[in-house]
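The values are calculated or read from the model by the stated rules, or taken from the named source; none is laboratory data. For clarity, every value in this text was computed on a predicted model and none was experimentally measured. Neighbour counts are summed over all protein chains in view; Cβ atoms, including those assigned to glycine, are modelled from backbone coordinates with ideal geometry. Quick note on the areas: whole protein, heavy atoms, side chains included, nothing else; ligands and nucleic acids left out. Shrake-Rupley method; radii C 1.70, N 1.55, O 1.52, S 1.80 Å.
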Amino acid sequence: MDYKYGLLTGTVDEMDDYKRRPVLLSLGDGWSTLLTTVDDSRSPSQQWGPWGFGSIRKVKVFSFLFGLLATFLIMASYILTRDQNGLLLTPSPSHFRVMSHPVNLSLGKDYAGVKEVVRNIVAKVEFQQREVPDLMELREREPGIFSVIPRKFLPYLKNPCWYEEYTGNSTVDPYRQNLYALYSKRFQAVYDHLRSAFQEHLHHHAGRRYRLRCLPYFYIIGQPKCGTTDLYDRLRLHPQVQFTTMKEPHWWTRKRFGIIRLSEGFRNPYPLKDYLDLFDQAAYEIQDLLGNFSRENTKTDIIIGEASASTMWDNNAWVYFYDNRTGMEPPFLVQDFIHAVQPQARFIVMLRDPVERLYSDYLYFGMANKTVEDFHERVSESLQLFEVCLAERSMRSCVYNTTLNNAMPVRLQVGLYVVYLLDWLSVFSREQILVLRLEDHATNRKDTMHRVFDFLHLGPLTQQKEADITKSPASNTRKPANRNLGPMLPVTKDILQDFYRPFNKRLAHVLHDPAFLWTQP
């Protein structure tokens with residue numbers, strides 16, 4: 001490693017090298033996956049497995065697994081005919097699903113049964129307060145993060161940045177091993193510019209060379225299919241806002257674990273330095289505004305954003321990398337680590353009616369033979385799987401259950417917004433999280449963008465620039481083929497509204513805004 005950080009006052013030990021070789025581990029009863037080791041601190045006796053049963057009594061475990069195995073065999077021939085490539089992040093090489101009992105999809109007969117499943121689920125809805133890990137636990141778990149990011153940032157910049165000593169050879173390409181550059185065509189598009197501008201942006205001080213490193217001032221953290229792409233595209237037009245060189249780097253939730261697509265197994269984890277490289281283009285602009293030498297009496301209001309729609313909810317990797325022997329919930333969440341290094345960070349969340357979000361999610365992914373009947377069937381199966389989980393676990397445990405999330409044919413859990421929001425509020429204040437509705441954004445983009453500008457403390461715009469930002473066409477809208485499919489079946493919508501209602505009710509209470517009930521007129 002060629003870097004050390006500081007505020008031009010000193011250095012720290014180098015970050016651990018994350019170059020590891022993947023190893024094949026057995027995950028319990030027949031489960032296996034290609035797993036990449038993250039660090040050497042993992043106990044040899046650590047329990048690996050997708051369910052992480054922990055303290056559940058053995059008799060329940062065996063009976064539960066037997067039921068799952070039996071129903072899986074019943075459904076095997078049916079499941080093998082399904083094409084759901086790219087829909088779910090699946091840690092197992094096979095995308096199989098398990099059910100407690102088969103579904104009768106003659107809709108009239110199925111409706112009453114699925115409604116009963118939903119009633120059973122709703123009866124068990126509870127909102128538990130999580131136990132927040134202390135800073136020492138976080139440092140022990142991810143030492144590589146804390147050895148790279150300093151505790152204080154440059155005081156004369158609005159954006160969190162610091163100077164990191166660079167000890168590399170001036171003739172060597174500093175981005176030659178960046179995994180984003182190797183695997184992302186989007187990053188390769190700006191790679192040549194970053195490489196050519198690198199040397200001229202090194203800062204020389206006391207016979208040493210330093211590079212300006214930055215983290216985001218704000219994060220757009222979710223949710224998928226809720227308008228985050230449109231928000232990102234509009235914010236990029238603001239003269240005081242810069243973003244990473246690629247949208248959705250997914251470093252906090254996936255890449256740092258070596259996840260590109262979980263269906264393809266695990267790869268070498270992306271080091272933190274590779275993630276920081278994505279902010280170099282913005283860092284160069286900040287440096288150019290400051291001049292060749294950092295002037296502490298010079299202020300720049302440029303801020304950097306990062307937009308990964310998985311950040312709010314995706315903790316699916318926890319069961320493979322964190323010790324889960326004593327419980328059935330992740331001991332660490334993404335927000336714990338972000339808070340530890342950036343306690344003043346700000347977050348933007350865009351939400352929509354979770355019923356419509358789920359249908360949009362289904363239509364978006366590249367599955368063949370999409371129909372409203374197929375969507376209904378997938379919803380029914382997913383609800384039954386959720387009910388099976390609740391027979392053994394708490395609500396929060398099921399929401400974060402990696403195997404359940406990967407087994408459900410549709411991502412029901414992503415629409416349980418309040419569960420994730422409460423966990424974010426366990427470490428960040430309410431003032432640091434702006435929650436928006438896509439429905440409001442679609443009807444009055446000007447108002448929504450003004451709320452965002454105020455939240456980020458951005459300066460005023462000219463009328464022309466504001467018009468450019470607020471009047472441009474919406475991004476990432478539904479494809480014509482998907483629009484032609486029409487709305488979901490009324491019975492499917494009714495079932496999903498019943499399922500999400502208690503979660504929406506709690507969300508509206510937390511946000512003090514009845515609009516988040518998404519009640520129908």
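Every condition in (1) more than 30 Å from SER429 (Cβ to Cβ); (2) open to solvent by 20 Å² or more (accessible area, probe 1.4 Å) holds for TYR320 except the one numbered (2). All told, PHE347 meets the bar of being touching a residue at least 60 places away in the same chain (Cβ under 8 Å), among the aromatic types (Phe, Trp, Tyr), buried (at least 20 other Cβ atoms within 10 Å of the Cβ) and within 19 Å of ASP423 (Cβ to Cβ). Only a single item in (1) open to solvent by less than 50 Å² (accessible area, probe 1.4 Å); (2) in a helix (DSSP H, G or I) is not met by HIS450, and it is number (1).
The C-beta contact set for the range 505-518 (first residue under 12 Å from TYR417 (Cα atoms) and assigned to a helix (DSSP H, G or I), second residue open to solvent by 80 Å² or more (accessible area, probe 1.4 Å) and modelled with pLDDT of 95 or more, distance under 7 angstrom, 6+ apart or interchain) comprises ALA508/PRO514; LEU517/LYS505. The requirement of being in contact with a strand residue (DSSP E or B) (Cβ under 8 Å, 6 or more places away or on another chain) and either crowded, with 23+ Cβ neighbours inside 10 Å or not in a helix (DSSP H, G or I) (or both) is satisfied by LEU458.
Scanning the range 186-199 for residues that are open to solvent by 20 Å² or more (accessible area, probe 1.4 Å) and either at positive phi or in contact with a helix residue (DSSP H, G or I) (Cβ under 9 Å, 6 or more places away or on another chain) (or both) yields a count of 5. Comparison of ALA206, ALA307 shows that the only residue that is out of contact with any strand residue (DSSP E or B) (no Cβ under 6 Å at 6 or more places or on another chain) and small (Gly, Ala, Ser) is ALA206.
Residue selection: ARG141 fails the criterion of being basic (Lys, Arg), open to solvent by less than 80 Å² (accessible area, probe 1.4 Å) and at pLDDT below 90. Scanning the range 274-287 for residues that are assigned to a helix (DSSP H, G or I) and under 19 Å from the mean Cα position of the chain (by Cα) returns ASP274, TYR275, LEU276.
Does the range 400-422 include one or more residues that are among the basic types (Lys, Arg) and surrounded by fewer than 19 Cβ atoms within 10 Å (Cβ to Cβ)? No, the range 400-422 contains no residue that is among the basic types (Lys, Arg) and surrounded by fewer than 19 Cβ atoms within 10 Å (Cβ to Cβ). In this structure, CYS161 does not qualify as open to solvent by less than 10 Å² (accessible area, probe 1.4 Å), out of contact with any Lys or Arg (no Cβ under 8 Å at 6 or more places or on another chain) and hydrophobic (A, V, I, L, M, F, W, C). Could you list, in sequence order, all residues of the range 484-503 that are surrounded by 13 or more Cβ atoms within 10 Å (Cβ to Cβ) and farther than 19 Å from SER382 by Cα? Listed by number, the list holds a single entry, LEU485. When TYR175, TYR166, TYR111, TYR156 are checked against the criterion of being open to solvent by 20 Å² or more (accessible area, probe 1.4 Å) and among the hydroxyl-bearing types (Ser, Thr, Tyr), TYR111 stands alone in meeting it. Got at least one residue in the range 213-222 being part of a helix (DSSP H, G or I) and out of contact with any helix residue (DSSP H, G or I) (no Cβ under 8 Å at 6 or more places or on another chain)? So far as the range 213-222 goes, no, none of its residues is part of a helix (DSSP H, G or I) and out of contact with any helix residue (DSSP H, G or I) (no Cβ under 8 Å at 6 or more places or on another chain). Based on this model, can you work out whether SER360 counts as of a type in the set (Gly, Ala, Ser) and out of contact with any Pro (no Cβ under 6 Å at 6 or more places or on another chain)? So SER360 passes the test.
Could you look through the range 207-226, keep only residues that are open to solvent by 20 Å² or more (accessible area, probe 1.4 Å) and touching a residue at least 12 places away in the same chain (Cβ under 8 Å), and pick out the one that is farthest from the chain's Cα centre (by Cα)? Across the range 207-226, the extreme among qualifying residues is ARG208. Could you please let me know if PHE375 is open to solvent by less than 10 Å² (accessible area, probe 1.4 Å) and either in contact with a Lys or Arg (Cβ under 9 Å, 6 or more places away or on another chain) or farther than 22 Å from ALA407 by Cβ (or both)? For PHE375, the condition - open to solvent by less than 10 Å² (accessible area, probe 1.4 Å) and either in contact with a Lys or Arg (Cβ under 9 Å, 6 or more places away or on another chain) or farther than 22 Å from ALA407 by Cβ (or both) - is not met. One residue alone among LEU289, LEU276 is among the hydrophobic types (A, V, I, L, M, F, W, C) and without any contact (Cβ under 8 Å) to a residue 40 or more places away in the chain, and that residue is LEU289.
Being open to solvent by less than 20 Å² (accessible area, probe 1.4 Å) and free of Cβ contacts under 8 Å to residues at least 40 places away in the same chain, is that true of even one residue in the range 428-444? No: zero hits.
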